[in-house]
Amino acid sequence: MSSNVNRRQILKQVITGSAALATGVVVPSNLIASVKQGLQIDNEPFSLKGKINHSACRWCYSQYPIAELAKNFKAMGMVGMDLVGPSEWHVLKENNLVSTMCNGAEISLTKGFNDPSYHDTLVKNYTDHINYVADAGYTNLICFSGNRKGMDDETGLNNPFYGVDSRDFQVIEPNDDVIEAMGASILAIEKDRPHVPYERAIMAMRFSPYFVGTQFHAEVDAAGMHLYLLQEDKKIIVTENHGIEKWQSMVDQVQDPEKIMLTYQTILPNFLNQAILDAAAQ
């Protein structure tokens, strides 16, 4: 008897009740009945139980008109479709589907926030589309970092983000060979400070996939920091050491949505999401 029986053949034989003959395995009658119940066999109806919330990506089936695709998605029991923008949401709603991952704000997969030259366009696009998504009752909007496209590590490190940095000590002059041997990497360095006679200090390092050390406070929220700076004793400390202009600049920056607010909404959530995804993949 041949042992080259693939899964499709076995399933077909289970359905027809002939698996015992083909494989020498006795298949319980209740298993055959269970398989038959969920599959269309001869004239028996196909039955969906609606127990799985599933979607698929529009982009993978772009050769099909979205109206046809939406109709088939619904017939297969899917709840939504990924990568559908505002101009086509009405098609999904007509088929009782949701846009599980909205798009339309991006420039392209390769042109993203890693390149500062795209920031003005992207900020406007995403500001508008976040409102569109919310108004439509959806919750997810895709965002692309962009491709490196030859960008070296130093240039990448120079693309700035803002954080609260209060330190008495700093790490400079790293030994790159030792860091590489540890399996670690430098993620961020401080801004250029021409008035300081030291090289730019290390501000963040990755020691392992789940261990990152920072010199700055990624957890600081803008509202809390604003109240902190308005305290009279804190204002005196800053102004006596750095001047009133510095204090006012700090107050202004913590209220800027492109600075502390953006860091707070980005650094820790992305770290946690990536750690969870990596752990789930193992």
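Quick one: in segment 245-268, which of the residues that are loosely packed, with under 15 Cβ neighbours inside 10 Å and among the hydroxyl-bearing types (Ser, Thr, Tyr) is modelled with the highest pLDDT?
The residue in question is 249.
Scan segment 265-273 and tell me whether some residue there is free of Cβ contacts under 8 Å to residues at least 40 places away in the same chain, hydrophobic (A, V, I, L, M, F, W, C) and assigned to a helix (DSSP H, G or I).
Yes: segment 265-273 contains one or more residues that are free of Cβ contacts under 8 Å to residues at least 40 places away in the same chain, hydrophobic (A, V, I, L, M, F, W, C) and assigned to a helix (DSSP H, G or I).
Looking at segment 79-132, which of its residues are touching a Pro at 6+ places or on another chain (Cβ under 8 Å) and not small (Gly, Ala, Ser)?
102, 129, 132
Condition (residue is among the small types (Gly, Ala, Ser), loosely packed, with under 12 Cβ neighbours inside 10 Å and modelled with pLDDT of 85 or more) applied to segment 198-213: is it met by at least one residue?
The answer is no; no qualifying residue exists.
Looking at the structure I just gave you, is residue 154 at pLDDT 85 or above and out of contact with any Asp or Glu (no Cβ under 8 Å at 6 or more places or on another chain)?
no
Which count do you get for residues in segment 123-142 that are over 17 Å from residue 258 (Cα atoms) and either surrounded by fewer than 16 Cβ atoms within 10 Å (Cβ to Cβ) or of a type in the set (Val, Ile, Thr) (or both)?
Of the residues in segment 123-142, 8 are over 17 Å from residue 258 (Cα atoms) and either surrounded by fewer than 16 Cβ atoms within 10 Å (Cβ to Cβ) or of a type in the set (Val, Ile, Thr) (or both).
Which ones in segment 79-129 are outside any helix (DSSP H, G or I) and of a type in the set (Lys, Arg)?
Of everything in segment 79-129, just one residue is outside any helix (DSSP H, G or I) and of a type in the set (Lys, Arg), namely 111.
Based on what the data block shows, is residue 271 surrounded by fewer than 16 Cβ atoms within 10 Å (Cβ to Cβ), at pLDDT 85 or above and assigned by TED's automatic domain parsing to the domain that holds residue 170?
No; evaluated as a whole, the condition is false for this residue.
Conditions (1) among the aromatic types (Phe, Trp, Tyr); (2) in a loop (DSSP other than H, G, I, E, B); (3) farther than 30 Å from residue 108 by Cα; (4) modelled with pLDDT of 50 or more, marked per residue:
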| position | (1), (2), (3), (4) |
| --- | --- |
| 3 | no, yes, yes, no |
| 15 | no, no, yes, no |
| 25 | no, yes, yes, no |
| 69 | no, no, no, yes |
| 74 | no, no, no, yes |
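Can you name every residue in segment 222-237 that is under 24 Å from the mean Cα position of the chain (by Cα) and surrounded by fewer than 16 Cβ atoms within 10 Å (Cβ to Cβ)?
none
Can you work out which of the residues in segment 213-242 that are touching a strand residue (DSSP E or B) at 6+ places or on another chain (Cβ under 7 Å) and part of a loop (DSSP other than H, G, I, E, B) is farthest from residue 257 (Cα to Cα)?
Result: 215.
The values are calculated or read from the model by the stated rules, or taken from the named source; none is laboratory data. Since the structure is predicted, the reported quantities are computational estimates derived from the model, not experimental observations. Cβ: placed from backbone, ideal geometry, glycine included. Neighbour counts: every protein chain shown.
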